[in-house]
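**Q** Okay, here's the structure, questions in a sec.
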Amino acid sequence: MAAKLKPIGDRVLVEPLDEKETVKGGIIIPDTAKEKPQEGKIVAIGTGKSDDNGKKIDFVVKVGDKVLFSKYGGTEIKVDDKSYLIMREDDILGVLS
């Protein structure tokens, strides 16, 4: 479970959402040829970052938000045989509603 990993600073832990398998013209696309997911769900957030005066800056995202991130953003990690991405909040492009 992701609860074993708590990000620090302005980092967030994202569970990538699997893309639906697309079949075009009866051809099944293998996993190695699929695009890297760019959507995910926030499963944990860090402690936050501080400004120059030492005041904490609140996160814009929260646990449970569905987010869009850059294709090669974040660092891929595995926790209990499940893949996650750990990235800075700045690497998140937007929150999907």
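**Q** What distance in nm lies between label points placed 7 Å from Cα along the C-beta direction at residue 17 and residue 39?
**A** Result for the modelled spin labels: 0.3 nm.
**Q** Right, next: Rank-order 4-11, 50-57 by packing density, defined as the average count of other C-beta atoms within 10 Å over each peptide's residues, highest first.
**A** Numbers: 4-11: 14.4, 50-57: 8.0.
Final packing ranking: 4-11, 50-57.
**Q** Under the rule of at least 5 residues apart or a separate chain, name every residue whose amide H is placed under 5 Å from the amide H of residue 49.
**A** 57
**Q** By average Cβ neighbour count within 10 Å, what is the ranking of 59-67, 74-82, 86-94 from highest down? Write down the numbers at each step before the final one.
**A** Values: 59-67: 14.8, 74-82: 11.1, 86-94: 16.6.
The peptides rank, most packed first, as 86-94, 59-67, 74-82.
Only the coordinates and a few stated rules stand behind these numbers; no lab work does. Since we're looking at a predicted model, the values are computed, not measured. Neighbour counts run over all protein chains shown; Cβ positions are idealised from the backbone, glycine included.
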